[in-house]
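Below: one structure, written as structure tokens.
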């Protein structure tokens with residue numbers, strides 16, 4: 001990557017060259033609209049149908065249960081708003097967690113304004129949701145529970161199957177949604193094993209193209225469509241299908257799934273090397289998220305007395321690409337809502353650094369980052385007034 005060290009794979013991944021090759025025909029000669037009945041249309045429809053079957057097979061569902069979208073944000077919105085609109089006559093209560101992605105939290109805020117009530121279940125200091133607390137939050141008027149599969153900032157993996165089991169034991173007709181944007185393509189994700197009714201995913205998180213995603217919707221689950229028009233995707237999501245993107249997503253998921261076990265072993269070793277190296281050299285530092293129950297490629301740190309934005313700028317000058325949290329909130333100087341939900345003080349939360357690994361990273365790059373990060377943290381602390389550094393400003 002032109003000499004740069006890219007450690008922001010949770011934000012996005014580069015397009016796999018093999019995926020690009022599979023997409024190219026549908027960006028040129030095979031340009032048809034899949035809703036047209038002539039040769040070019042049938043050619044495009046065949047590609048969409050085959051891609052749908054491929055994704056459904058990997059996720060353990062029926063092809064007709066997959067809705068293609070523009071990405072994770074739209075999938076989350078369609079799940080929450082679609083269920084809320086279809087089931088509001090049954091109740092207006094939704095359960096979620098305090099560490100969800102803003103695509104979920106902001107949608108829930110909007111639904112609150114429309115008369116829905118939302119209960120946000122807290123997490124422990126490792127970012128784990130207690131399944132029993134989720135079930136306890138379910139009421140007679142609860143229509144939906146939405147808990148993310150793994151957090152995009154701290155990488156903690158939630159016990160979704162157990163949550164779904166307890167929730168449905170408490171109230172059989174409650175629907176369960178999980179935002180699996182960070183886990184599909186990185187963990188073995190099968191909806192039949194998770195026992196969820198809706199699941200969101202996004203192609204660019206597993207070496208596929210940007211601008212395309214999907215929502216699994218269990219057969220028989222009613223949704224109010226959020227886009228109306230030509231009635232594509234069985235009237236659930238109107239708009240001409242992104243044929244090249246859909247083909248790319250299917251191929252990217254197939255390749256990531258085939259290579260997952262070996263790649264996760266490699267990444268987990270790099271991740272642990274990164275964690276041990278940085279925590280061992282930087283005083284007043286901490287790892288955010290569960291030490292072991294986390295994504296193989298995720299390491300999230302906090303450094304007392306350092307602002308995350310300043311740290312990122314210095315890392316960028318050294319050719320290291322990282323983030324302080326969700327890429328969707330980049331540029332915000334507010335502490336991460338996820339880190340605050342763990343119980344961190346503002347002083348600890350503003351000094352966060354997320355390093356997420358991928359195919360381009362190796363031992364040499366990790367060692368380089370482990371060498372540079374402590375130097376930058378020390379320099380920034382020396383430049384920061386003592387009162388501010390200790391949180392007394």
Write out, first by first residue and then by second, each pair whose Cβ atoms fall under 6 Å of each other, whose residues are 6+ apart or on separate chains, and whose first residue, in the stretch 336-363, is under 23 Å from residue 183 (Cα atoms) while the second is modelled with pLDDT under 95 and surrounded by fewer than 18 Cβ atoms within 10 Å (Cβ to Cβ). 360/1
The one condition residue 241 fails out of (1) in contact with a strand residue (DSSP E or B) (Cβ under 9 Å, 6 or more places away or on another chain); (2) crowded, with 18+ Cβ neighbours inside 10 Å; (3) part of a helix (DSSP H, G or I) is (3)
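If only one of 11, 86, 44 is part of a helix (DSSP H, G or I), under 26 Å from the mean Cα position of the chain (by Cα), surrounded by 15 or more Cβ atoms within 10 Å (Cβ to Cβ) and in contact (Cβ under 8 Å) with a residue 24 or more places away in the chain, which one is it? Let's see the steps before the verdict.
On the way: 11 fails: part of a helix (DSSP H, G or I); 44 fails: under 26 Å from the mean Cα position of the chain (by Cα).
None of the other options fit; the residue is 86.
Do the conditions hold for residue 36, that is, is it at negative phi and either outside any loop (DSSP other than H, G, I, E, B) or outside the structural domain of residue 208 (by TED's automatic domain parsing) (or both)? Please lay out each step first, then the result.
On the way: at negative phi: yes; either outside any loop (DSSP other than H, G, I, E, B) or outside the structural domain of residue 208 (by TED's automatic domain parsing) (or both): no.
Answer is no for this residue.
Go through 369, 388 for me and flag whichever is in a helix (DSSP H, G or I), farther than 23 Å from residue 103 by Cβ, at pLDDT below 95 and out of contact with any helix residue (DSSP H, G or I) (no Cβ under 6 Å at 6 or more places or on another chain).
Details: 369 fails: at pLDDT below 95.
The conditions single out 388.
Residues checked against (1) outside the structural domain of residue 338 (by TED's automatic domain parsing); (2) touching a helix residue (DSSP H, G or I) at 6+ places or on another chain (Cβ under 6 Å); (3) outside any strand (DSSP E or B):
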{"position": "144", "(1), (2), (3)": "yes, yes, no"}
{"position": "161", "(1), (2), (3)": "yes, yes, yes"}
{"position": "165", "(1), (2), (3)": "yes, no, yes"}
{"position": "177", "(1), (2), (3)": "yes, yes, no"}
{"position": "182", "(1), (2), (3)": "yes, no, yes"}
The conditions are (1) crowded, with 23+ Cβ neighbours inside 10 Å; (2) out of contact with any helix residue (DSSP H, G or I) (no Cβ under 7 Å at 6 or more places or on another chain), and residue 321 fails exactly one of them. Which is it? (1)
Can you find even one residue in the stretch 334-357 that is under 18 Å from residue 3 (Cβ atoms), at pLDDT 95 or above and out of contact with any strand residue (DSSP E or B) (no Cβ under 9 Å at 6 or more places or on another chain)? no
Taking the stated definitions as given, is residue 153 over 26 Å from residue 48 (Cβ atoms) and either in a loop (DSSP other than H, G, I, E, B) or not assigned by TED's automatic domain parsing to the domain that holds residue 72 (or both)? yes
From 223, 215, 227, grab the single residue that is under 15 Å from the mean Cα position of the chain (by Cα), in the same structural domain as residue 87 (by TED's automatic domain parsing) and either assigned to a loop (DSSP other than H, G, I, E, B) or under 24 Å from residue 44 (Cβ atoms) (or both). 215
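Select, from 276, 334, the only residue that is under 27 Å from residue 158 (Cβ atoms), in a loop (DSSP other than H, G, I, E, B) and not assigned by TED's automatic domain parsing to the domain that holds residue 124. Reasoning before the result, please.
Details: 276 fails: in a loop (DSSP other than H, G, I, E, B).
Sole residue among the options that is under 27 Å from residue 158 (Cβ atoms), in a loop (DSSP other than H, G, I, E, B) and not assigned by TED's automatic domain parsing to the domain that holds residue 124: 334.
Report, by residue number, each residue of the stretch 49-64 that is surrounded by fewer than 21 Cβ atoms within 10 Å (Cβ to Cβ) and on the phi < 0 side of the Ramachandran plot.
We begin by selecting, within the stretch 49-64, every residue surrounded by fewer than 21 Cβ atoms within 10 Å (Cβ to Cβ); these are 49-50, 53-54, 56-58, 60-64.
Within the stretch 49-64, 49, 50, 53, 54, 56, 57, 58, 61, 62, 63, 64 meet the criteria.
The values are calculated or read from the model by the stated rules, or taken from the named source; none is laboratory data. These figures come from a predicted structure and were not determined experimentally. Methodologically, a virtual Cβ is constructed for each residue, glycine included, from the backbone with ideal geometry; neighbour enumeration extends over all protein chains shown.
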